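Below: one structure, written as structure tokens.
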Amino acid sequence: MIHPPDRPSALGAGGANAIAFAIGVVADEWTLLILRHALQRDVLRFQDWQELLPISSAVLTSRLRHLCEAGVLVPQEYDDRPRRFEYHLSPRGAALWPVLATIGAWELAWATDHGERVTPLRHRDCGRHFEPVPACRTCAEPVTQREITAAFGPSGSWPRSAPNTTMRRRSSGSTSLGAGFFPQSRALIGNRWSAAMLGAAYLGAHRFSEFQRRLGAPATVVADRLRTFRDLGVLTASGSADRSNRSTYRLTDKGRAFLPVVMSAIDWGQRWFLAPEGPAVVLGHRGTGHEYALLLLCSECRAPLSGRSIEAAASV
């Protein structure tokens, strides 16, 4: 995988990049829950989200405003006394379906300690329950983590990819909302520092100092996230069990299996946020000579998936 330099580049003053944009939109647990219902249940109205989620009016208002500002939702007035809006997914918002689909598949396969089952997905084209299989968009061949090469592109650097904490967020993903709300995934990417920390782990960070230096995160944040990732079984630590700054951290099979979620988010960010200098990350399909872009295939019929071809299904 990718092993970019730890030192800030001259591009660090160029503002956000596609990675920071994706983190800023997706890496919030309330936003993930709002998008889940918008994508899977066609929820459009404020009161409907309030009925489905244990969310305050103030938090829901701020998240809907943020999604509108990011171009993910488009408000359409349906009543003027008082003024009320429906929030429709834009093409940019509808394109987030791979993130939600890969989250659901990972929860179904790896987060097995819930009190209830996670809802599986059905592929309308073949009529069967499926798992999304990561493949290369150029050659349509399935790929594994080791077959993807990556390097920072012209707009890529650690400073430009670091999270922007302009919105108040919960410190870690809560698991109290039930299996239908993918609690373990929210603990991994439900806030911006968690998402950035997980990305750093995929990009070769193994020591406490590496996470802190690359991301510029406070030591308390790094320690908290490393502890959470260990508790979830996504990272394993060797060395001093009592001193996080002296341990070596490596991804487990469970952690590596979460990569399609991260790749889906990066792919979405690269598509919808274009920095003037060029892409934040350049991906390649090892051994083929061509660039890599994510394609998701149905595990049952091997046909390419689309947002319109999948639906939530009854648990089996």
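The values are calculated or read from the model by the stated rules, or taken from the named source; none is laboratory data. Every value quoted in this text rests on a predicted model; they were computed, and no experiment measured them. Cβ atoms come from the backbone with ideal geometry, glycine included; neighbour counts cover every protein chain shown.
Computed quantities for the displayed model
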{"quantity": "Complete set of residues in segment 198-221 that are part of a helix (DSSP H, G or I) and more than 23 Å from I148 (Cα to Cα)", "calculated": "F208, S209, Q212, R213, A219, T220, V221"}
{"quantity": "Criterion violated by T112 - all others in (1) touching a helix residue (DSSP H, G or I) at 6+ places or on another chain (Cβ under 8 Å); (2) of a type in the set (V, I, T); (3) surrounded by fewer than 22 Cβ atoms within 10 Å (Cβ to Cβ) satisfied", "calculated": "(1)"}
{"quantity": "Number of the exception - G289 against (1) in contact (Cβ under 8 Å) with a residue 24 or more places away in the chain; (2) in a loop (DSSP other than H, G, I, E, B)", "calculated": "(1)"}
{"quantity": "Residue check, V262 out of contact with any Ser or Thr (no Cβ under 7 Å at 6 or more places or on another chain), in a helix (DSSP H, G or I) and without any contact (Cβ under 8 Å) to a residue 60 or more places away in the chain", "calculated": "no"}
{"quantity": "Of the criteria (1) modelled with pLDDT of 75 or more; (2) in contact with a helix residue (DSSP H, G or I) (Cβ under 9 Å, 6 or more places away or on another chain); (3) within 30 Å of P54 (Cα to Cα); (4) among the hydroxyl-bearing types (S, T, Y), which one T166 fails", "calculated": "(1)"}
{"quantity": "Failed item in (1) farther than 25 Å from G24 by Cβ; (2) not in a loop (DSSP other than H, G, I, E, B), with R225 passing the rest", "calculated": "(1)"}
{"quantity": "Odd one out for G289 among (1) on the phi > 0 side of the Ramachandran plot; (2) touching a helix residue (DSSP H, G or I) at 6+ places or on another chain (Cβ under 7 Å); (3) of a type outside the set (F, W, Y)", "calculated": "(2)"}
{"quantity": "Criterion (within 19 Å of A162 (Cβ to Cβ), in contact (Cβ under 8 Å) with a residue 12 or more places away in the chain, among the charged types (D, E, K, R) and buried (at least 22 other Cβ atoms within 10 Å of the Cβ)) met by exactly one of R207, R214", "calculated": "R214"}
{"quantity": "D42, sole failed condition from (1) farther than 29 Å from S157 by Cβ; (2) modelled with pLDDT of 95 or more", "calculated": "(2)"}
{"quantity": "Qualifying residue in segment 89-106 (condition: touching a residue at least 12 places away in the same chain (Cβ under 8 Å), touching a Phe, Trp or Tyr at 6+ places or on another chain (Cβ under 9 Å) and farther than 22 Å from A22 by Cβ)", "calculated": "no"}
{"quantity": "When residues of segment 18-57 are limited to those that are over 22 Å from P183 (Cα atoms) and in contact with a Gly (Cβ under 9 Å, 6 or more places away or on another chain), the one surrounded by the most Cβ atoms within 10 Å (Cβ to Cβ)", "calculated": "I19"}
{"quantity": "Of the criteria (1) surrounded by 16 or more Cβ atoms within 10 Å (Cβ to Cβ); (2) over 28 Å from G284 (Cα atoms); (3) at pLDDT below 95; (4) not acidic (D, E), which one L60 fails", "calculated": "(3)"}
